[in-house]
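The values are calculated or read from the model by the stated rules, or taken from the named source; none is laboratory data. Please read all numbers here as calculations on a predicted model, not as lab measurements. Ideal geometry is used to build each Cβ from the backbone, glycine not excepted, and the neighbour counts take in all protein chains shown. The area values use the complete protein model at the heavy-atom level, side chains included, leaving out ligands, DNA and RNA. Shrake-Rupley method; radii C 1.70, N 1.55, O 1.52, S 1.80 Å.
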Amino acid sequence: MKNLNFASTTVFAFSLLALIISSNASAQQSGIKRTDLQRYDLSVPGYETVQARIDFEAHSAFGKHSHPGEEVIYVLDGLLEYEVEGQAPVTLKAGEVLFIPAGVVHAARNNSHAKASELATYVVEKGKPILVMKKE
């Protein structure tokens, strides 16, 4: 019985690890590193807030995507260009912010020779994916 419990526990642990790795990998693109910082339930039932730091290597980009909730971006370091559907591209420097409404397709790019970083805060419905890549 001990071997069966160990085997079940091992399979569960590897399954959980595979799920974490695959969901994290789908949010990563070349030259982009996403670090989840915190996730908390809001006082509004069914909603949560998630914060993540996104680091962009020089001349890297995160493709067109959307979120099922609002995103508030705060640029921590460097310069980042944002393309938001229906708006002219905007370049933000450290200390500047950008609001992305729920479901609006957008993309981010570091056009500089230096690393750039942002703090992204999402307000989303629990159980929905944080990120939805746009199919080309």
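Normalising by residue count, segment 23-103 has a Cα convex hull of 114 Å³ per residue. Computed over protein heavy atoms with a 1.4 Å probe, the carbon and sulfur contribution to the accessible area of segment 36-101 reaches 54%. Just so you know, the Rg over Rh for segment 45-88 is 0.98, from Cα atoms, with Rh as the Kirkwood radius. Summing Cβ point charges (Lys, Arg +1; Asp, Glu -1) relative to the Cα centre of segment 26-82 gives a dipole of roughly 140 debye. Accessible area per residue for segment 71-136, computed on protein heavy atoms with a 1.4 Å probe, is 56 Å².
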